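Here's the structure we're looking at; comments come further down.
The values are calculated or read from the model by the stated rules, or taken from the named source; none is laboratory data. Note that the structure is a prediction, hence the values are computed from the model and not measured. Heads up, the Cβs are rebuilt from the backbone with ideal geometry, glycines too, and the neighbour counts pull from every protein chain shown. Remember, those area values only see protein heavy atoms, side chains included, never the ligands or the DNA or RNA. Shrake-Rupley method; radii C 1.70, N 1.55, O 1.52, S 1.80 Å.
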Amino acid sequence: MIRELRQEDREVFLTMCQKFYQSSAVLHGIPAANMEETFRRIVAGSPYAQGYLLTHQGETAGYLLTSTTYSNEVGGLVIWLEELYLEEKFRGLGLGGAAMEYIRQNCPADVRRLRLEVTPCNQGAIRLYERKGYQKLDYIQMVQDF
């Protein structure tokens with residue numbers, strides 16, 4: 001089951017988010033304050049950030065964060081799959097693919113692209129994304145933080 005994050009999910013979300021940022025799925029950790037702010041914005045109804053809780057047989061299995069942006073390259077909206085985290089015991093059960101399919105089936109009609117990032121060492125995730133039809137883009141991402 002996949003549903004939108006709610007206020008009562010705060011502690012479980014923050015715990016899983018900390019695990020995600022201690023894993024090889026990311027290049028570095030982030031401050032706990034960022035996780036708190038993300039959760040606050042999601043439950044406040046931000047049009048830019050969305051969050052979902054994944055459950056399996058009544059147990060919390062993971063979470064998915066998405067964000068929405070506009071892209072001139074595709075001439076429309078893009079949904080970024082920002083974070084997809086599954087607790088270890090729920091990996092390999094098809095929940096990640098189900099979460100991705102949920103986003104695809106429930107995105108607004110004017111969305112033109114789903115996009116995500118993956119670290120090269122996260123081969124299991126790369127295989128999942130390729131099975132779901134994602135293609136590699138050879139852009140080098142650059143950032144400037146404020």
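Pairing residues of the range 52-75 that are under 15 Å from F13 (Cβ atoms) and touching a residue at least 40 places away in the same chain (Cβ under 8 Å) with residues that are among the basic types (K, R) and open to solvent by less than 50 Å² (accessible area, probe 1.4 Å), at Cβ distances under 6 Å and at least 6 apart in sequence or on separate chains, gives L53/R3. Among residues of the range 22-35 that are of a type in the set (V, I, T), those with a Cβ under 8 angstrom from a residue that is surrounded by 12 or more Cβ atoms within 10 Å (Cβ to Cβ), sequence gap 6+ or separate chain, pair up as V26/F20; V26/T119; I30/Y21. Pairs are defined by a Cβ separation below 9 Å, a sequence spacing of at least 6 or placement on different chains, a first member in the range 123-146 that is touching a residue at least 12 places away in the same chain (Cβ under 8 Å), and a second member that is of a type in the set (F, W, Y) and assigned to a loop (DSSP other than H, G, I, E, B); the pairs so defined are L128/Y134.
Going by the conditions given, is F39 touching a His at 6+ places or on another chain (Cβ under 8 Å) and more than 18 Å from R104 (Cα to Cα)? Against the criterion (touching a His at 6+ places or on another chain (Cβ under 8 Å) and more than 18 Å from R104 (Cα to Cα)), F39 does not qualify.
Taking the range 99-118 as the range and being hydrophobic (A, V, I, L, M, F, W, C) and more than 16 Å from K132 (Cβ to Cβ) as the test, only A109 passes.
Annotation note: Cβ proximity below 6 Å between a residue of the range 91-109 that is closer than 16 Å to S67 by Cα and a residue that is modelled with pLDDT under 95 and not polar (S, T, N, Q) (sequence gap 6+ or interchain) occurs for M100/K132. Which residue is nearest to K132 (Cα to Cα), if the candidates are limited to the range 82-98 and must be in contact with a Leu (Cβ under 7 Å, 6 or more places away or on another chain) and either crowded, with 20+ Cβ neighbours inside 10 Å or among the acidic types (D, E) (or both)? So the residue we want is G96.
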